[in-house]
Amino acid sequence: SDVVALIVNQTPSDLWLTGITAERGKSVLIRGTATRSDAIATFLDRLAKTGRLREVRLVFSNNANIDQAPVVQFSISAFPVGNLPLNEKGSKRG
């Protein structure tokens, strides 16, 4: 939940998040819509500078229209630092 709060707090005012998928040991997938592509670039930069996320990258961005208004839909992936899988009980490493 702290990763989701961190992501939301970095969101520019002209960008809306439509989904966040976070699972322990895996990259976070962030989906959203922006009014301008430079808002996505600003968001990427803010996420990369947090120090809590690594490998922040734009997966895709597509121009679209919502009720005749031009928007940019996007997807970003990032790996939360410290987001490592738990060892299974009883597993041994040698």
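The values are calculated or read from the model by the stated rules, or taken from the named source; none is laboratory data. All values derive from a computational prediction rather than experimental measurement. No Cβ is skipped: glycine too gets one built from the backbone with ideal geometry, and neighbour counts run over all protein chains shown. SASA here: full protein model, heavy atoms, side chains in, ligands and nucleic acids out. Shrake-Rupley method; radii C 1.70, N 1.55, O 1.52, S 1.80 Å.
A few notes on this one:
- Filtered by the rule that a residue be part of a loop (DSSP other than H, G, I, E, B) and either without any contact (Cβ under 8 Å) to a residue 24 or more places away in the chain or among the hydrophobic types (A, V, I, L, M, F, W, C) (or both), the stretch 9-29 gives S13, A22, E23.
- If only residues of the stretch 35-57 that are of a type in the set (K, R) and assigned to a strand (DSSP E or B) are counted, the one that is most open to solvent (accessible area, probe 1.4 Å) is R57.
- When G32 is tested against the conditions (1) assigned to a helix (DSSP H, G or I); (2) closer than 14 Å to D14 by Cβ, the lone failure is (1).
- For the stretch 1-37, the set of residues classified as over 20 Å from N62 (Cα atoms) and hydroxyl-bearing (S, T, Y) consists of S1, S27, listed by residue number.
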